[in-house]
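Values in this text are rule-based calculations from the coordinates and carry no lab data. Predicted model, so just to flag it, every value in this text is computed and none were measured. Cβ placement follows ideal geometry from the backbone for every residue including glycine, while neighbour counts extend to all protein chains displayed.
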Amino acid sequence: MASMRDIKRRKESVQSTGQITKAMKLVSSVKLQKAKVGAEVSKPYFDTMYETVAGMIAKSGNMSHPFLQKGKSDKKAVILITSNRGLAGGYNSNAVKLLTKDERFTPENTVVYPVGTKGRDAVARLGYPCKTDYSEAINEPMYSDAAEIGKEVLSQFAGGEIGEIYLIYTIFKNTMVQIPTLIKLLPIDAEDIASESEDVEIDPIDRITLMNYEPEAEEALNAIVPKYINSLIFGGLVESHASENGARMQAMDSATSNAEEMISDLSLKYNRARQASITQELTEIIAGASAIS
């Protein structure tokens, strides 16, 4: 049985840790409120942007455009959004697993554009090459950050250095639930869009009506697609920022509850050890008195 001194030291250590986790929970709670508002406000815009461009491409027929066709290179670019700090439960590892557990992505055919040092370090240890590091963007997501990332990957795609672009981020559903998600940004596949909309009731006339472009289709897509890509990346940053703080708040809440349970258990053990010590002292005093008499 541990001594009273050991139990007391352990209890003080757990109390100190509990104070830290409680403070971190409060900080994450405040940050979450701000991030949550940003995610809720921006989500309708990004959902509408995706639906609009997806519908436009689906109605364009067999149109030939670089953004709609796989590049010559077999390389795949993956924009991986994680956090710069840990203590967020499985938030970072779940996003990384979407990349590492997918058979389409190997260290030989994949280039990672990391947003967040945790994801960057994790994939680097597994041999995935990382290009430009945009980890600072996740601290306070801004559209300019998304535009910078989008410009970089689009230039690589247009230059033929990569053939496909993917985005891994975490959807914020609520404080308890965050959903790691993988989406394909380029090339925009009309067949994939059509399969996704099969369950949605669409007017038969709309199904056969082709999209009319003014000006020409190529000029219109050259202007629309980069904005579409930037919008989805920014949406991913905003959602991930809210998810990170939600996951950290939940993790710190669980840690604080565990600390309180440990403190209660250690207090019980301390009282038992103290009672045993008192009983032993009384026994020794009585035994000594009996021996003298």
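Quick look at the numbers
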{"read-out": "Neighbour-count order for Tyr134, Tyr50, fewest beta carbons within 10 angstrom listed first", "value": "Tyr50, Tyr134"}
{"read-out": "Helix-only mean residue ellipticity at 222 nm for the chain, each DSSP H run of n ≥ 4 adding -39500 (n - 2.57), per residue, nearest 500", "value": "-21500 deg cm²/dmol"}
{"read-out": "Under Karplus coefficients 6.51, -1.76 and 1.60, residue-wise ³J(HN,Hα) of region 284-290 in Hz, glycine/proline x", "value": "5, 5, 5, 5, x, 5, 5"}
{"read-out": "Full-stretch length increase - Ile179, Val30 - with 0.36 nm per residue and alpha-carbon distance subtracted", "value": "51.5 nm"}
{"read-out": "Column: log10 I(q)/I(0), Debye, Cα scatterers of region 22-250, q = 0.18 Å⁻¹", "value": "-1.34"}
{"read-out": "Cross-link partners of Lys22 among lysines (Cα-Cα below 20 Å; sequence separation of 8 or more within a chain)", "value": "Lys11, Lys31, Lys34"}
{"read-out": "Kirkwood-type radius of region 1-77, with distances r between different C-alpha atoms, in Å", "value": "18.6 Å"}
{"read-out": "Residue pairs, from the table Lys59/Lys173; Lys75/Lys101; Lys36/Lys227; Lys25/Lys101, whose Cα atoms sit over 21 Å apart", "value": "Lys59/Lys173; Lys36/Lys227; Lys25/Lys101"}
{"read-out": "Alpha-carbon centroids, region 28-55 and region 70-95: separation in whole Å", "value": "19 Å"}
{"read-out": "Dipole-positive endmost among Ile57, Ile165, Ala124 within region 22-250 (Cβ charges, Cα centre)", "value": "Ala124"}
{"read-out": "At R0 = 51 Å, FRET efficiency that the Cβ-Cβ distance of Ser144 and Thr283 yields, to 0.05", "value": "0.10"}
{"read-out": "Cα-based shape type of region 27-141, given that a ≥ b ≥ c are square roots of the gyration tensor eigenvalues and the cut on a/c is 1.5", "value": "oblate"}
{"read-out": "Ranked by how many other beta carbons lie within 10 Å on average, peptides 150-158, 283-291 from highest", "value": "150-158, 283-291"}
{"read-out": "Neighbourhood charge, 11 Å Cβ-Cβ cut-off, centred on Leu182 and excluding it, Lys, Arg +1 and Asp, Glu -1", "value": "+3"}
{"read-out": "Residue exposure sequence - Val30, Val225 - by fewest surrounding Cβ within 10 Å", "value": "Val30, Val225"}
{"read-out": "Debye, to nearest 20: dipole size of region 22-250, +1 on Lys, Arg Cβ, -1 on Asp, Glu Cβ", "value": "1440 debye"}
